[in-house]
Amino acid sequence: MTGLRGKTAIVGTAESDLGLVSPDMTIADLMGQATHRALEDCGLKLFDIDGVFVAASQSRMVGLMLCEYLGLRPRYLDSTQVGGSSFMAHVRHAQAAIESGMCEVALIAYGSTQRSVSRAVASSREPLPYEDPYRPMMPPSAYAMAASRHMYQYGTTREQLAEIAVAARKWALLNPKAWEKEPLSIEDVINARMVSYPFTVRDCCLVTDGGGAVIMTTAERAKDLKHKPAFILGAGETTTHQSISNMPDFTVSGAVESGRQAYTAAGLGATDVDVAVLYDAFTICTLMFLEDLGFCKKGEGGSFVENGGIAPGGRLPVNTNGGGLSYCHPGMYGLLVLIEAARQIHGVCGKRQIENANVTLAHGNGGVFSSQCTVLLGSENTL
Amino acid sequence: MAEATGPISPLAIYRQHCERGELAYQVCTDDGSVVFYPRLTAPGTASPNLEWRVSKGLGTVYATTTLFPRDKDPYDVSMVELDEGFKMMSRVESIDPMDVKIGMRVKVRMIPGTDKQPSYPVFDPAEG
């Protein structure tokens, strides 16, 4: 799929209100709010949008909901729902739709009020009759079991996992929109309330409201808009299982494959990446994705993150927005991952902006390590 | 009332085995691959030639976690790798949940069914 390299770009991004939104706000309100902000961000108008890509957990026909709310009748509508990685999948699908002429300006949107309405209401569980009798707390217990296996096979420690939460918090303190406002230490993480061993509540993502919108269009049209375009250099997606019991190897995710597809399409490797934004639903996610996407060898994620390795000033800037662990996690966090990766190219990240960010990687995770989707973005220098 | 049609569901057959104290799984007779959870066709090949077998019930803990609910006692959830070559989620009981370790040998035991929850397998530590 190298033929799609640099043909499309993310030109506008916006978050909806985040954290805890006003009472009775709906997911359509948040998606609509974010859409108008994203249009303002790039300088396009509502009726430029002719392709809509949307996923949410609180609506069965969210595509219809959003189009009605905005008053859009798009030529192309895609509500692929693969959990938190849906929006990276949408980027890949939008590339194809734009390249084949089925649409020209794509909106990718998401909204959630899970903190306001409670997680149980916001995302109903899939029935899994072979797992349900054991009362796992999902998703934390699935990721906790993966962490247990990683610790067993590679000697990864709870302190190393805690480093990931601490690094995320340090980045979050540079992001005015982040939910968490207090410093965090390794001891704080390890001594916090135990949820599903080895995870304390600080190894687990936040539970917030939130949403966002991304506007994507052709490279040609992107040239005349407000920001330096964040060109789509490559994208990849794969699925390996649905329920954690069927994950082939608990220490290796499908990110190996989605990353391979994205790197191949981009003609780049991990060493070319200036900023990595990795879906961190739990501390183990960041660690596994660093390994699976080639930033370090399998089993060496623990030492890679030690001593502030992914914190501000470390060897690789990871989750510069503060991540799902400290910035925002509305349930399907992937769109916010994508937004941060695009903004680092746009150069609008303020105190957390990485100088000369030319290549950024946005990695999405859906289900319980189930769906993996990777997008590589680049500045004009990479074309 | 119309009669239900088609084969007995794999989940129903699995549960019937559980009622008899048996942990059942399937083997694809085309290529000998082990299939769990039970299905109508084998994953990957779509072969309908799936034979039911009963596990000896001995396995090894592959992954583990201890849950700490706010208002109840901690309990184990583990992934057990059965000697016949399939993984399943279960609980290791009879010991402190924090003492369940990866690599530990375990043996199946059936929890009797109730009106709300059909019989299902859990595991206890096994000798050797």
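As a summary of the residue check, B:PRO125 satisfies the conditions (1) farther than 26 Å from A:MET194 by Cβ; (2) under 17 Å from the mean Cα position of the chain (by Cα); (3) open to solvent by 40 Å² or more (accessible area, probe 1.4 Å); (4) away from chain A (no Cβ under 13 Å) except for the one numbered (1). Kindly indicate whether any position in segment A:195-203 is open to solvent by less than 10 Å² (accessible area, probe 1.4 Å), more than 11 Å from every other protein chain (Cβ to nearest Cβ) and more than 23 Å from A:ILE244 (Cα to Cα). Within segment A:195-203 (the criterion being open to solvent by less than 10 Å² (accessible area, probe 1.4 Å), more than 11 Å from every other protein chain (Cβ to nearest Cβ) and more than 23 Å from A:ILE244 (Cα to Cα)), the answer is no, since none of the residues qualifies.
Regarding segment A:242-250, can at least one residue be identified that is β-branched (Val, Ile, Thr) and touching a residue at least 24 places away in the same chain (Cβ under 8 Å)? Taking every residue of segment A:242-250 in turn, at least one turns out to be β-branched (Val, Ile, Thr) and touching a residue at least 24 places away in the same chain (Cβ under 8 Å). When the residues of segment A:260-285 are filtered to those that are of a type in the set (D, E, K, R) and surrounded by fewer than 24 Cβ atoms within 10 Å (Cβ to Cβ), the one that is farthest from A:ILE339 (Cα to Cα) is A:ARG260.
Segment A:42-120 holds strands (runs of 3 or more DSSP E) entirely within its bounds, and those carrying 2 or more residues that are among the hydrophobic types (A, V, I, L, M, F, W, C) map to A:51-54, A:105-112.
If you go through segment B:63-79 and keep only what is at the interface with another protein chain (Cβ under 7 Å from one of its Cβ atoms) and not in a loop (DSSP other than H, G, I, E, B), you end up with B:ALA63, B:THR64, B:THR65, B:THR66, B:LEU67, B:VAL77, B:MET79. Looking across segment B:80-97, just one residue is within 12 Å of chain A (Cβ to nearest Cβ), assigned to a loop (DSSP other than H, G, I, E, B), over 12 Å from B:PRO121 (Cα atoms) and open to solvent by 30 Å² or more (accessible area, probe 1.4 Å), and that is B:ASP96.
Of the residues A:ALA167, A:ALA235, A:ALA219, only one is surrounded by fewer than 24 Cβ atoms within 10 Å (Cβ to Cβ), at pLDDT 95 or above and away from chain B (no Cβ under 14 Å); which?
On inspection, the qualifying residue turns out to be A:ALA219.
Residue-by-condition table, conditions (1) within 13 Å of chain A (Cβ to nearest Cβ); (2) free of Cβ contacts under 8 Å to residues at least 24 places away in the same chain; (3) touching a helix residue (DSSP H, G or I) at 6+ places or on another chain (Cβ under 9 Å); (4) closer than 22 Å to B:SER90 by Cβ:
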site: B:CYS18; (1), (2), (3), (4): yes, no, no, yes
site: B:GLY21; (1), (2), (3), (4): no, no, no, yes
site: B:VAL27; (1), (2), (3), (4): no, no, no, yes
site: B:VAL34; (1), (2), (3), (4): yes, no, no, yes
site: B:TYR37; (1), (2), (3), (4): yes, no, yes, yes
site: B:SER47; (1), (2), (3), (4): no, yes, no, no
site: B:GLY57; (1), (2), (3), (4): no, no, no, yes
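Only a single criterion out of (1) crowded, with 24+ Cβ neighbours inside 10 Å; (2) outside any helix (DSSP H, G or I); (3) of a type in the set (Gly, Ala, Ser) is not satisfied by A:ALA342, namely (2).
The values are calculated or read from the model by the stated rules, or taken from the named source; none is laboratory data. This one's a predicted model, so the numbers in the text were calculated from it and none came from an experiment. Heads up, the Cβs are rebuilt from the backbone with ideal geometry, glycines too, and the neighbour counts pull from every protein chain shown. Surface areas here come from the heavy atoms of the whole protein model, side chains and all, with no ligands, DNA or RNA. Shrake-Rupley method; radii C 1.70, N 1.55, O 1.52, S 1.80 Å.
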